[in-house]
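Some notes on the structure that comes next.
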Amino acid sequence: MNVTIQDDWLPWYNLHTFKEYILHVDFPWYKCKVVAEEGIRKSPIEQHPKFAPRQQFVHAFLDDYGLDSSGGSKFIHEMGKLLNAKKLYRCKLNYGMRTVEPTIGGWHNDYTKIKEWPNLKIALFYLNTNNGYTILEDGTKIESIENRLAIFDNTVIHTDCSQTDTEGRLVLNIAFTTKD
């Protein structure tokens, strides 16, 4: 499995300017469940009859086709340049809520429109350090460390594990291509 991990990805000023923007009291967040898509393998906890899906807050910067759905997309386009992206598709910021016990999410790939989006890459940008993490299907564990970037193909099945040590886990998810 091919995953690229880069620490200290954004310059300090850019990282903190972006974090000030998204953590401002007026920044719009939308509550939703943390769920995997139908037909994708579910974790053992999701199969339990008393399973209650985890909650998270999200903010979409770009919709599925790269159209601006937020006034903050200027930050995302700057990040796209750093990724050498030819085209940005969907970009979503996730704010995962703390859980009492570490909880594994559902296994999935981020975008099922693979046929429409050949060569799609996923960039996960971790905006705060916590004990949550991402797990790839091959067992690779990507720890949530502030200013860490992980890039892998959209075909890679993965999941997350919630954090127990911070109020929220901030992960920016960018779908992009580097080819025309």
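Structure summary
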quantity: Residues being open to solvent by 30 Å² or more (accessible area, probe 1.4 Å) and touching a His at 6+ places or on another chain (Cβ under 9 Å) - total across the range 136-176; calculated: 3
quantity: Spans of strands (runs of 3 or more DSSP E) in the range 78-154 with at least 1 residues within 19 Å of Asn2 (Cα to Cα); calculated: 121-126, 133-136, 141-143, 148-153
quantity: Phe27 vs. criteria out of contact with any Lys or Arg (no Cβ under 8 Å at 6 or more places or on another chain) and either modelled with pLDDT of 90 or more or exposed (fewer than 13 other Cβ atoms within 10 Å of the Cβ) (or both); calculated: yes
quantity: Those residues of the range 137-156 which are within 13 Å of the chain's Cα centre (by Cα) and under 10 Å from Asn109 (Cα atoms), in sequence order; calculated: Asn154
quantity: Inter-residue pairs, beta-carbon under 7 Å, first of a type outside the set (A, V, I, L, M) and in the range 69-85, second assigned to a helix (DSSP H, G or I), 6+ apart; calculated: Gly72/Tyr21; Phe75/Phe18; Phe75/Tyr21
quantity: Failed item in (1) closer than 18 Å to Tyr126 by Cα; (2) at pLDDT below 95; (3) assigned to a loop (DSSP other than H, G, I, E, B), with Leu10 passing the rest; calculated: (2)
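The values are calculated or read from the model by the stated rules, or taken from the named source; none is laboratory data. Model, not experiment: these values are computed from the prediction. Positions of Cβ are generated from backbone atoms using ideal geometry, with glycine treated the same way; all protein chains shown enter the neighbour counts. Surface accessibility is based on the protein's heavy atoms, side chains included, excluding ligands, DNA and RNA. Shrake-Rupley method; radii C 1.70, N 1.55, O 1.52, S 1.80 Å.
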